[in-house]
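Visitor: Could you have a look at this structure, given as structure tokens, before my questions?
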């Protein structure tokens, strides 16, 4: 199909995005998110500008203050003159709020700042999901000249934690009370932390939370190997901007370690490999999806549902069809 | 490799599981979860017993009382003489707790009841993740003769919500306060609800939550089509067992509708198709994963990381390798 509507071509959009035009950035992200036919054109146009942004993941349970912390970080990074992109993957984030919502207040702090671009990635179930869509959006923000891209995800849900953990630096936020250290440990989010942030540190129980984290760290894990990075524990009160200097210092220190240890290059390579894999998996999944509703898949599913065929044998048939 | 350790063969395990032996059920789930070489043998042995259990998904934000509600439901279903399996996907569920945890109290209610089988699916990132592992575990519980399988997932995270929504009947739990109706709507979990449960209905704000839900329902959506199921709103106080009769009545009514409308057969077919697809995608992903660390993928990732190749072109090469 051809469209006769007037639309800026991709090179023009990329050029405008690099000049800081928020609408062009938004349009490019929509093109990649919607898997538009021009997706590949966008990716090709952005490729030369890839790999410059520093990617910071920020995750934690609902209620620990992720959005407030994101906002605090944006403000501090802006004060340093950095261009900042924010991808809010958390569906309960005020940054993700759609028409239902009146609490986009904090986002408004940055609404008139052309050096900040905020985008919700709350849409779900699209193609390969978050694993597929988030790197594409990072790619746009990176290509558009953002120095830092913050990815805010809720620290519950395997896709969400995974997305945050593909960053150069991953912040895990906790708050006192709620047995949060334990909850985080159970959810596996402590493992992915490069910097641990105890937010709402003015509340009762902050010391206990820090102590819990220290004792969990002393139990070992990947951080106890020689030469490994030991995640610092930073206390913040994001709503009042307290602790931001310590947090920035911890981020800078980690950035330095990434360079000197070679871990930074390794993470960028891993991220590129994961991105390529996610696209390849999505492409193969799409081929399978094309079969949905087809007589062939329906027949297989019907036999599985009635127990005359096991699902592995059915999947073998499906894979054979695709790779024939 | 061959193992000389003594181990019950798969047909024996299936036979014992069908007699209600919890250890055999656990062993079978481990075999499928760990993608043991005997996985296919297990699936084949279970296939003839597939499709008898009623699958109920139960989801909601952290703190709404999912585990307490699950426990209440288990008790009520047991009182009817049903055999019940519980799969706790929520990593923060007491049912999922590992060594870190002292709060398995509610689970203990059922620990000595051979008609209840409870299993945590908290492990993450395995193969195709929850989309892959959960149907396999349902298959084991179904094959083992469970009349009802409850899948408890946290209603945050796209994989988690998806898993709950593949059930025959999906319960979405909310609690008064916290703007929970809005949060749930934003997270997209209202869309998947067949029955809405306002738990902690003795608290202030329960009426407002019910009202919010009613007004959101009146806004339309798939439930407003002619002949469609309109999710009832049930009030419960799960901690005291209150409202369980209403909840069971709503579940029974939905079960009846599933049969008369033909929707039940459609969901079972969809679930089988989704299961076959997830296995096929996992198999293809595993083939891609086999390339990880290979010179070929490293070279592609390196070119993507440095911007000399766009990730789609790299993925094309990868897919071509697999389907050649």
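The values are calculated or read from the model by the stated rules, or taken from the named source; none is laboratory data. Being a predicted model, the structure only gives us computed values, none of them experimental. Here Cβ is always computed from backbone atoms with ideal geometry, including for glycine, and neighbour counts include all displayed protein chains.
Visitor: Answer yes if at least one residue in segment A:276-288 is in a helix (DSSP H, G or I) and under 30 Å from residue A:200 (Cβ atoms), and no otherwise.
Guide: Restricting attention to segment A:276-288, the residues satisfying the condition of being in a helix (DSSP H, G or I) are A:276-288.
Add one more test, that the residue is under 30 Å from residue A:200 (Cβ atoms), and what stays is none.
No; the residues of segment A:276-288 include none that is in a helix (DSSP H, G or I) and under 30 Å from residue A:200 (Cβ atoms).
Visitor: When segment A:226-268 is examined, which residues are found to be surrounded by 16 or more Cβ atoms within 10 Å (Cβ to Cβ) and on the phi > 0 side of the Ramachandran plot?
Guide: Answer for segment A:226-268, where residues must be surrounded by 16 or more Cβ atoms within 10 Å (Cβ to Cβ) and on the phi > 0 side of the Ramachandran plot: just A:243.
Visitor: Testing residue B:307 on (1) within 7 Å of chain A (Cβ to nearest Cβ); (2) more than 27 Å from residue B:138 (Cβ to Cβ); (3) assigned to a helix (DSSP H, G or I), one condition comes back false. Which one is that?
Guide: Exception for residue B:307: condition (3).
Visitor: Can you tell me which residue among B:269, B:258, B:284, B:300 is over 30 Å from residue A:265 (Cα atoms), touching a helix residue (DSSP H, G or I) at 6+ places or on another chain (Cβ under 8 Å) and at the interface with chain A (Cβ under 7 Å from one of its Cβ atoms)? Don't jump to the end; show me each part of the working.
Guide: Details: B:258 fails: at the interface with chain A (Cβ under 7 Å from one of its Cβ atoms); B:284 fails: over 30 Å from residue A:265 (Cα atoms); B:300 fails: over 30 Å from residue A:265 (Cα atoms).
The conditions single out B:269.
Visitor: Something else: Determine which member of the set B:47, B:22 is within 12 Å of chain A (Cβ to nearest Cβ), under 24 Å from residue B:8 (Cα atoms), modelled with pLDDT of 85 or more and more than 17 Å from the chain's Cα centre (by Cα).
Guide: The conditions single out B:47.
Visitor: In this structure, does residue B:212 turn out to be at pLDDT 95 or above and part of a helix (DSSP H, G or I)? Spell out the reasoning first.
Guide: Working: at pLDDT 95 or above: no; part of a helix (DSSP H, G or I): yes.
It is false that residue B:212 is at pLDDT 95 or above and part of a helix (DSSP H, G or I).
Visitor: Taking residue B:30, is it out of contact with any strand residue (DSSP E or B) (no Cβ under 6 Å at 6 or more places or on another chain), away from every other protein chain (no Cβ under 14 Å) and part of a helix (DSSP H, G or I)?
Guide: Working: out of contact with any strand residue (DSSP E or B) (no Cβ under 6 Å at 6 or more places or on another chain): yes; away from every other protein chain (no Cβ under 14 Å): yes; part of a helix (DSSP H, G or I): yes.
For residue B:30, the condition - out of contact with any strand residue (DSSP E or B) (no Cβ under 6 Å at 6 or more places or on another chain), away from every other protein chain (no Cβ under 14 Å) and part of a helix (DSSP H, G or I) - is met.
Visitor: Turning to a different aspect of this structure: What's the number of the condition residue A:239 fails, among (1) without any contact (Cβ under 8 Å) to a residue 24 or more places away in the chain; (2) more than 11 Å from every other protein chain (Cβ to nearest Cβ); (3) out of contact with any strand residue (DSSP E or B) (no Cβ under 6 Å at 6 or more places or on another chain)?
Guide: (1)
Visitor: Please find, among A:278, A:273, the residue that is in contact (Cβ under 8 Å) with a residue 60 or more places away in the chain, within 30 Å of residue B:311 (Cβ to Cβ) and crowded, with 19+ Cβ neighbours inside 10 Å.
Guide: That would be A:278, the only listed residue that is in contact (Cβ under 8 Å) with a residue 60 or more places away in the chain, within 30 Å of residue B:311 (Cβ to Cβ) and crowded, with 19+ Cβ neighbours inside 10 Å.
Visitor: Could you say whether any residue in segment B:185-194 is modelled with pLDDT of 75 or more and farther than 20 Å from residue B:254 by Cβ?
Guide: No, every residue in segment B:185-194 fails to be modelled with pLDDT of 75 or more and farther than 20 Å from residue B:254 by Cβ.
Visitor: Could I ask something else about it? Looking at segment A:23-43, which of its residues are crowded, with 17+ Cβ neighbours inside 10 Å and under 16 Å from residue A:86 (Cα atoms)?
Guide: A:24, A:25, A:27, A:28, A:29, A:33
Visitor: Continuing with the same structure: Give the residues of segment B:55-80 that are surrounded by fewer than 20 Cβ atoms within 10 Å (Cβ to Cβ) and modelled with pLDDT of 85 or more, sorted by residue number.
Guide: Of everything in segment B:55-80, those that are surrounded by fewer than 20 Cβ atoms within 10 Å (Cβ to Cβ) and modelled with pLDDT of 85 or more turn out to be B:75, B:76, B:78, B:79, B:80.
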